[in-house]
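Structure, as structure tokens:
The values are calculated or read from the model by the stated rules, or taken from the named source; none is laboratory data. From a predicted model like this one, the values you see are computed outputs, not experimental measurements. Using ideal geometry, Cβ is built from the backbone for each residue, glycine included, and neighbour counts are taken over all protein chains shown. Remember, those area values only see protein heavy atoms, side chains included, never the ligands or the DNA or RNA. Shrake-Rupley method; radii C 1.70, N 1.55, O 1.52, S 1.80 Å.
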Amino acid sequence: MSAERRRKAEKIRHLLETEGDAVHENITHMNAERYDAIERFDDFEALREEARAIKEDAIADLPALVEQVRESVEANGGHLYVADDAADANRYITDVADSKDADTLVKSKSMTSEEIEMNDALEAAGVDVWETDLGEFVLQVADEGPSHLIGPSLHRSREDVADLFNEVFDPEEPFETAEELTAFARDYLGEKIHAADMGMTGANFVLADSGTITLVTNEGNARKTAVTPDTHVAVTGVEKILPSVEELQPFVELISKTATGQDISQYVSMFTPPVDSPTIDFENPDDPLGSGDGEREFHLVLIDNGRLDMREDDQLKETLYCIRCGACANSCGNFQHVGGHAFGGETYTGGIATGWEAGLRGEEAADEFNDLCTGCSRCVNACPVKIDIPWINTVVRDRLNGDATPSEFEFLVEGLTPDAEDSVDLQKRLFGNFGTLAELGSKTAPLSNWTAKLGPVRSLMDEYLGVSRERDLPQFQRETLVEWFESRRPRAPNADATRKVLLYPDAYTNYVLVERGKAAVRVLEALGAHVELASPIESGRAPLSQGMIDTASEQADAVAADLEPYLEAGFDVAVIEPSDLAAFRREYEYLLPEAAHDRLAENSYDVMEYVYGLLENGADGSTLAAPEEPVAYHSHCQQRTLGVEAYTEAVLEDHGFDVVTSDVECCGMAGSFGYKSEYYELSMDVGEDLYEQFADEDDRTLVASGTSCTEQMGDLFGRDVTHPVELLDPGP
Amino acid sequence: MSTALSTFESSLDRLEVGWTRTTPDGFEDALASAIDPPAVGVPLGIDGVSLDGTAVETPPTPRLLREANTGVTRAGKAIARYGTLVVDSDPAGTEPVSLYPPTHVAVVRESDVLPDVESASDHLGVRFADGGSSVFATGVSSTGDMGALVEGVHGPKHVHVLILEER
Ligand code: SF4
């Protein structure tokens, strides 16, 4: 492994060891709650659409909305400041503190203030800052950074926090329980709040027409922070503005469900500052509230810091719709195992961190962690504003690729890469051009398989290409699916066929897992369809996952051109590999003209989805193989995002199979990810969840839809793994 | 009984928030059993019921905020679907009184119970346009930041709702 990869692998291993368990436990719990809350809520999809549309409009109108906020805040007697960048914001805030002679400031959790490192600026100006959110307080005491958008200290267990507090505060009786720790923190922070000269909050939303800010918390600290000290400063990103209370409702409903899995958060405070609540002067405890001479003062600081430029960037713009609920992070298999200290940049973390960090600090800021996104797409349906997070990751990866310098080991991947994107890192070029590699491998099989097994070859591959030594490499088949198909006789169309279907042979099916391709052909024919095979052109999935968008575009064009005459002739397209189906339905939206994408997306099906359709439409299932063994089925993450995994389960169950299915987020392999030396361990750690689900199912046949899952399960269980369509194969 | 009201009551049950249905005549007794003295309150502004002559001290002072066990306020509206109280801030101190003491007793008129968040938009719109502030308070304050769920952090640990039937 190269030094760079080794360093990455070490960091990941360290986080797996130190934070992995607490992160995993806490996120598993949060996810269960989140899925339940969404399940209970019928309006979820409709409100996502609505929220998305509201954000699209609000970001488009942002400059006008900012001016409207200015008018309404000033009309209420408050002050608005739009800060260009961190330094500008900090200067303004420290000036306010200075004008109030403030010695202490209490603060409610705000990622935006983390972004501008406001605490440091205030401390430097002689103001003591206290975090009142208990999670943030823990971090402040520990002097470390947040690891999650909404659960900043999610990576710490109760024992950790108890040890930390016992050491720092040295109580007479050591803290043990969460109750004791909470009671201590509450009292400690309560005193700070009573004595504070200023309060600072973030703002989850800002309403333009009234100047109302919305704060969402469970502890109640934002309320105390905002209304106890006489001076309140709210700091937030300029993108948080919504036109009015009408547009607020969908967000209030969504944010708690996608963030913590609560139907609604305990406190949704909607303050129109300066608030009319009386001032509280704890120094004169017996005078009625409001009788001190305190006057309420309010400053809203809206931070640009690159956001207005992001509006102009067609690809990064969507990031501005983000409401920081953290659901994308929680639904991510890798994040569940290593947490935010691996999965984020200076401030933001999780799936959307790439968009935020790239937008606020430049693409290089995302370089460190962007590769941890495997493109599994599990976050896509989680996002309340329907941001295509994997696509943002792909785009940033592509932009980073462009900056890589060509390497002296070019010869290793010579012949594998098209000319485009030839400055891309070798590892990426290798994985991004799997089709070419597979074609070569198949032509030279079994020699290629044999050489690939040799120790020295594996060392070289590890060192220069970053291909993990631990992984078994794909075994290329001498006879490809296309060759087999072409050699079949008769080749005349099936005379009584009711449907015409074009089977798409992805590189794995064509060169490696040829049996599943044959099975698909035979199953479709047995069900009365006339089957043709498309040309074995790569879908672009492999280069896409390496951020090689140009190469992917070329391949998408070639696939579209190849399929076009068939679609024209009324063929349906059946796809064996779920990630290719996802490319056709999702990513091609970005790569093909709209009409071409729509037509392909509408007419292509997961092969088992297609089988389901044939059976529903009267095809005779008795022509298929009878069920023999009970099965343990792991569907594929992209298949689940598309919502097509249910067809496989339905077909198998209707056909009489005894099926157990896994519900883990991801197998951990996700295309090339698990092959990469630096991620091998993480990949196996993520796979552990799947392993546990099926650990007691050793009498069942292991079944998986995706190639990566097949390989990962093969490694995890040491047993053969079958594609579902092979279970139905009536045989030659 | 309106469906919003019964939904509200079952939402409160689900949140494990106590509630009592009462009438103006029964109000003082219901209040007396709901509070844990010492109690601090703000005038409710509801015809036919008052905190005068009850054990609830008014007006609120900083000391009462710190030392009272119970804070009594009105909730301007309630949202049936989630068991949410809409606590409207005012110069009398409804916001801090509902927040500081460990128990919050909220009085809500039956006719102020709305079905869902959407139906509260009008109420909020009018208030915000006027410079007003409101809080959706649902259940009790809680945190999971210390490694297990703990109730009662910066906000109240107990909430009790007095639902006032009107004549
Ligand atoms: S991108 Fe979507 S899911 Fe992720 S934090 Fe933002 S709003 Fe939540």
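For peptide B:84-90, compute the average count of partner chain beta-carbon atoms within 10 Å of each residue's beta-carbon.
Mean inter-chain Cβ contacts per residue within 10 Å come to 4.
Based on the alpha-carbon gyration tensor of segment B:3-164 and its eigenvalue square roots a ≥ b ≥ c, which shape applies: rounded if a/c is under 1.5, prolate if not and a/b is larger than b/c, or oblate?
It comes out rounded by the Cα gyration axes.
Provide the packing ranking of B:13-25, A:624-636, i.e. peptides ordered by the mean count of other C-beta atoms within 10 Å per residue, highest first.
Put in order of decreasing packing, that is A:624-636, B:13-25.
Per residue, how large is the accessible surface of the protein assembly as shown? Use a 1.4 angstrom probe and give square angstrom.
Using a 1.4 Å probe on heavy atoms only, each residue of the protein assembly as shown averages 37 Å².
Mind checking how much accessible area B and A bury in total, 1.4 Å probe, in Å² rounded to 100?
When B and A are taken together, about 4700 Å² of accessible area is lost.
Name the most mobile residue of B:GLY83, B:GLY48, B:GLY147, meaning the one with the largest mean-square fluctuation, in a Gaussian network model of chain B with Cα contacts below 10 Å.
Greatest mean-square fluctuation among the candidates belongs to B:GLY147.
Give the lysines whose C-alpha is closer than 20 Å to that of A:LYS257, dropping any in the same chain fewer than 8 places away, or say none.
Candidates past the 8-residue exclusion: A:LYS55, A:LYS109, A:LYS240, A:LYS386.
Mind checking which aspartates and glutamates have their Cα closer than 16 Å to the Cα of A:LYS443? Skip sequence neighbours fewer than 8 apart in that chain.
A:GLU479, A:GLU483
Rounded to whole Å and sorted largest first, list the principal axis extents of the Cα atoms in chain A.
98, 51, 50 Å, listed from the longest principal axis down.
Net charge near A:ALA507, counting Lys/Arg +1 and Asp/Glu -1 over other residues with Cβ under 12 Å of its Cβ?
Summing Lys and Arg as +1 and Asp and Glu as -1 gives -4.
Under the rule of at least 5 residues apart or a separate chain, name every residue whose amide H is placed under 5 Å from the amide H of A:LYS500.
A:HIS530, A:ASP572
With +1 assigned to the C-beta of every Lys and Arg and -1 to the C-beta of every Asp and Glu, and no other charges, what is the dipole magnitude of the protein assembly as shown about the Cα centre in debye, to the nearest 20?
The calculation lands at about 1700 debye.
Give me the percent of Cα-Cα pairs in segment A:481-728 that sit more than 34 Å apart, rounded to a whole number.
The proportion of pairs with Cα distances above 34 Å equals 14 percent.
For segment A:436-554, just list the percent of Cα-Cα distances falling in each 5 Å bin from zero outward, please.
2, 11, 16, 18, 17, 14, 10, 6, 4, 2, 1, 0
Just from its helices, what would the mean residue ellipticity at 222 nm be for the protein assembly as shown, if runs of 4 or more DSSP H residues each count -39500 (n - 2.57) and the sum is divided by every residue, rounded to the nearest 500 deg cm²/dmol?
-12500 deg cm²/dmol
Can you list residues from other chains, or at least 5 along the same chain, whose modelled amide H is less than 5 Å from the amide H of A:THR701?
A:VAL631, A:ALA632
Round to a whole number: what % of the accessible area of the protein assembly as shown belongs to carbon and sulfur, probe 1.4 Å?
Of all accessible area on the protein assembly as shown, carbon and sulfur atoms account for 46 percent.
Kirkwood hydrodynamic radius, segment A:54-305, all distinct C-alpha pairs: what's the number in Å?
It works out to 18.8 Å.
Are there residues in segment A:254-268 whose accessible area shrinks by at least 40 Å² when all protein chains are included rather than the chain by itself, and which are they (probe 1.4 Å, ligands and nucleic acids not counted)?
A:ASP263, A:ILE264, A:GLN266, A:TYR267
What list of ³J(HN,Hα) values in whole Hz, one per residue of segment A:298-307 in order, does the Karplus curve 6.51 cos²θ - 1.76 cosθ + 1.60 (θ = phi - 60°) give from phi, with Gly and Pro shown as x?
The phi angles translate into 9, 10, 9, 10, 9, 9, 7, 6, x, 5 Hz.
I need the shape label for segment A:1-158. Rule: rounded when a/c is under 1.5, else prolate if a/b > b/c, else oblate, with a, b, c from the alpha carbon gyration tensor.
It comes out oblate by the Cα gyration axes.
Give the average, rounded to an integer, of partner chain Cβ atoms located within 10 angstrom of each Cβ in A:273-282.
6
May I ask you to evaluate 6.51 cos²θ - 1.76 cosθ + 1.60, the Karplus curve with θ = phi - 60°, for each residue of segment A:560-577 and list the ³J(HN,Hα) values in order in whole Hz, giving x for glycine and proline?
Along segment A:560-577, the couplings run 4, 5, 5, 7, 3, x, 5, 4, 4, 8, x, 6, 8, 10, 9, 10, 8, 8 Hz.
Quick one: Karplus J couplings for segment A:157-171, per residue in order, coefficients 6.51, -1.76, 1.60, θ = phi - 60°, nearest Hz, x for Gly and Pro?
Karplus values, whole Hz, x for Gly and Pro: 8, 4, 4, 4, 5, 4, 4, 4, 5, 4, 6, 6, 9, 6, x.
Please tell me which of these pairs span more than 22 angstrom C-alpha to C-alpha: A:LYS11/A:LYS453; A:LYS8/A:LYS676; A:LYS100/A:LYS224; A:LYS192/B:LYS157?
Over 22 Å Cα-Cα: A:LYS11/A:LYS453.
Within a 10 angstrom radius of each residue's Cβ in A:561-571, how many Cβ atoms of other chains show up on average? Whole number is fine.
Whole-number average of other-chain Cβ neighbours for A:561-571 is 0.
Given a 10 angstrom Cα cut-off, can you work out which residue in B:PHE128, B:PHE27, B:PHE136 is the most mobile in a GNM of chain B?
B:PHE128
For B:VAL135, which sequence-distant residues (separation of 5 or more, or a different chain) have an amide H within less than 5 Å of its own amide H, given hydrogens modelled in the peptide plane?
Close amide H contacts, sequence-distant or interchain: A:MET270, B:VAL87, B:ASP88, B:SER89.
Among B:VAL126, B:VAL108, B:VAL97, whose mean-square fluctuation peaks in a Gaussian network model of chain B (Cα, cutoff 10 Å)?
Looking only at B:VAL126, B:VAL108, B:VAL97, the biggest GNM fluctuation is shown by B:VAL126.
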